[in-house]
């Protein structure tokens with residue numbers, strides 16, 4: 001029988017915890033935070049945000065495609081880090097994109113924010129120096145250009161799709177990739193997402209909409225590593241971060257035919273739209289997304305061993321997610337890891353990075369902790385607050401919810 005199950009062959013990420021996957025895992029499992037003081041741009045005394053999750057510079061010397069001559073026109077950091085994680089994920093997957101298979105390789109790698117920093121820089125130069133924009137200003141800001149550059153780097157000539165669903169972008173890219181595999185449109189999918197949104201008006205805009213952390217009136221800022229606290233009774237908004245994560249999907253048959261041995265598959269997925277508020281999640285459709293994901297996998301709630309939550313640290317968002325979990329799982333909600341407590345919120349890239357950490361945890365029989373947690377009586381769930389926990393996991397639910405009511409969930413299944 002032909003099997004078009006979507007299996008995962010390789011992945012890679014950069015985040016505020018580090019630029020190589022092993023160091024990120026080690027820091028995460030020790031309960032460390034990647035959040036520090038915001039230094040991406042000079043801060044005025046009245047700027048409303050002081051902390052961020054920043055990605056360190058990477059040594060690009062081993063990568064010819066990232067050398068200054070090659071990247072001269074691609075000034076937005078999304079391109080450098082996208083190409084880096086895609087290259088490394090493909091190396092780990094064992095797949096070589098030859099001319100023979102290139103037409104069967106799809107790209108769903110995407111971004112939620114894109115290269116708006118390039119437009120901002122061009123605007124400032126036009127105002128200050130009357131200079132016309134650089135010819136590559138628009139390509140840098142064109143949101144589908146990230147997938148285009150991935151295609152150019154890898155030689156993939158199959159379907160290409162930008163899966164822009166705000167903070168759910170990374171997971172949506174995997175779901176759309178899974179659909180392409182199931183429909184026979186591709187044999188391999190390069191999925192994931194990148195976002196580097198630490199740009200003054202973007203960060204300030206999140207603050208003015210009351211999304212980012214701010215201290216209580218009359219109180220000083222707390223230590224940066226203590227500020228992101230999903231599900232906690234004292235949560236006060238999210239921390240804006242940067243990052244990128246790439247996941248390589250293929251069909252079970254393709255993997256077998258090429259002697260590749262996947263350890264994890266996508267067992268089920270679901271997507272819904274809130275059709276409600278522009279930024280506040282809707283319980284009914286969030287809950288339905290989780291329920292449809294379980295149904296797609298042919299599983300019961302009792303089959304799920306752990307949950308990797310969306311959990312941004314907002315008052316309303318965390319409560320809606322927790323309520324949805326209680327309504328689905330009853331009094332037996334599996335343990336919940338909220339990685340944004342350590343990473344901050346890297347927008348569309350967050351869910352891709354978190355899925356990668358969840359898969360590492362499945363393979364290492366380890367649940368990552370939710371740090372900075374202080375029990376909220378209105379959210380009675382097990383947040384793995386004591387530190388990393390040893391636990392075998394066959395099925396893990398990954399949630400991702402975005403602005404505009406974009407909900408995407410999937411279930412990861414350890415198969416080896």
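The values are calculated or read from the model by the stated rules, or taken from the named source; none is laboratory data. Remember, it's a predicted structure, so these values are computed and weren't measured experimentally. Neighbour counts run over all protein chains shown; Cβ positions are idealised from the backbone, glycine included.
Among the criteria (1) in the same structural domain as residue 48 (by TED's automatic domain parsing); (2) part of a helix (DSSP H, G or I), the one residue 247 does not fulfil is (2). Taking the numbered list (1) over 13 Å from residue 306 (Cα atoms); (2) modelled with pLDDT of 95 or more; (3) assigned to a loop (DSSP other than H, G, I, E, B) in turn, residue 404 passes all entries but (2).
Hey, among 28, 52, which residue is within 17 Å of the chain's Cα centre (by Cα), farther than 30 Å from residue 187 by Cβ and in a helix (DSSP H, G or I)? Walk me through how you get there before you give the answer.
Numbers: 52 fails: in a helix (DSSP H, G or I).
Unique residue meeting the criteria: 28.
Give the range 314-332 a look and list any residue that's in contact with a strand residue (DSSP E or B) (Cβ under 7 Å, 6 or more places away or on another chain) and more than 30 Å from residue 207 (Cα to Cα), or say none. Hits for the range 314-332: nothing passes.
Considering each residue of the range 208-236, count those that are assigned to a loop (DSSP other than H, G, I, E, B) and buried (at least 20 other Cβ atoms within 10 Å of the Cβ), and give that number. Total meeting the criteria: 8.
Does residue 15 qualify as being crowded, with 20+ Cβ neighbours inside 10 Å, more than 24 Å from residue 165 (Cβ to Cβ) and touching a residue at least 60 places away in the same chain (Cβ under 8 Å)? If you could, list the steps in order and put the result at the bottom.
Numbers: crowded, with 20+ Cβ neighbours inside 10 Å: yes; more than 24 Å from residue 165 (Cβ to Cβ): no; touching a residue at least 60 places away in the same chain (Cβ under 8 Å): yes.
Here the answer is no, as residue 15 does not meet what is asked.
Look through the range 99-117, keep the residues that are touching a residue at least 12 places away in the same chain (Cβ under 8 Å), out of contact with any strand residue (DSSP E or B) (no Cβ under 6 Å at 6 or more places or on another chain) and not in a helix (DSSP H, G or I), and return whichever of them is nearest to residue 164 (Cα to Cα). Walk me through it before giving the result.
Just the residues of the range 99-117 that are touching a residue at least 12 places away in the same chain (Cβ under 8 Å), to begin with: 99, 101-117.
Adding the requirement that they be out of contact with any strand residue (DSSP E or B) (no Cβ under 6 Å at 6 or more places or on another chain) leaves 99, 101-104, 114-117.
Remaining after also requiring not in a helix (DSSP H, G or I): 99, 101, 114-115.
Numbers: 99: 29, 101: 26, 114: 10, 115: 14 Å.
Once the filter is applied, the top-ranked residue is 114.
Pairing each residue of the range 245-272 that is more than 9 Å from residue 6 (Cα to Cα) with any residue that is part of a loop (DSSP other than H, G, I, E, B) and at pLDDT 95 or above, provided the two are 6+ apart or on different chains, yields C-beta distances under 6 Å for 254/187; 255/262; 260/94.
Answer yes or no as to whether residue 367 is under 30 Å from residue 78 (Cα atoms), touching a residue at least 12 places away in the same chain (Cβ under 8 Å), surrounded by fewer than 22 Cβ atoms within 10 Å (Cβ to Cβ) and more than 17 Å from the chain's Cα centre (by Cα).
No; evaluated as a whole, the condition is false for this residue.
Just so you know, in the range 320-345 the residues that are out of contact with any helix residue (DSSP H, G or I) (no Cβ under 9 Å at 6 or more places or on another chain) and surrounded by fewer than 21 Cβ atoms within 10 Å (Cβ to Cβ) include one that is nearest to residue 388 (Cα to Cα), and it is 335.
In the range 30-51, the residues that are over 20 Å from residue 16 (Cα atoms) reach residues that are surrounded by 12 or more Cβ atoms within 10 Å (Cβ to Cβ) with C-beta atoms within less than 6 angstrom, at least six apart or across chains, in these pairs: 48/207.
Kindly indicate whether any position in the range 55-68 is part of a helix (DSSP H, G or I), in contact (Cβ under 8 Å) with a residue 40 or more places away in the chain and either more than 29 Å from residue 252 (Cβ to Cβ) or in contact with a strand residue (DSSP E or B) (Cβ under 8 Å, 6 or more places away or on another chain) (or both).
Looking through the range 55-68, at least one residue is part of a helix (DSSP H, G or I), in contact (Cβ under 8 Å) with a residue 40 or more places away in the chain and either more than 29 Å from residue 252 (Cβ to Cβ) or in contact with a strand residue (DSSP E or B) (Cβ under 8 Å, 6 or more places away or on another chain) (or both).
Counting only residues that are in contact with a helix residue (DSSP H, G or I) (Cβ under 8 Å, 6 or more places away or on another chain), surrounded by fewer than 17 Cβ atoms within 10 Å (Cβ to Cβ) and farther than 24 Å from residue 390 by Cβ, the range 292-309 holds 1 of them. For residue 173, the conditions (1) over 21 Å from residue 346 (Cα atoms); (2) under 20 Å from the mean Cα position of the chain (by Cα) all hold with the exception of (1). Cβ-Cβ contacts under 6 Å between residues 6 or more apart (or on different chains), taken from a first residue in the range 379-406 that is on the phi > 0 side of the Ramachandran plot to a second residue that is in a loop (DSSP other than H, G, I, E, B) and at pLDDT 95 or above, are listed as 384/335; 384/369; 384/370; 387/31; 387/369; 405/274.
Could you tell me whether residue 85 is farther than 25 Å from residue 204 by Cβ and in contact with a strand residue (DSSP E or B) (Cβ under 8 Å, 6 or more places away or on another chain)? Can you show your working first?
Details: farther than 25 Å from residue 204 by Cβ: yes; in contact with a strand residue (DSSP E or B) (Cβ under 8 Å, 6 or more places away or on another chain): yes.
The answer is yes for residue 85.
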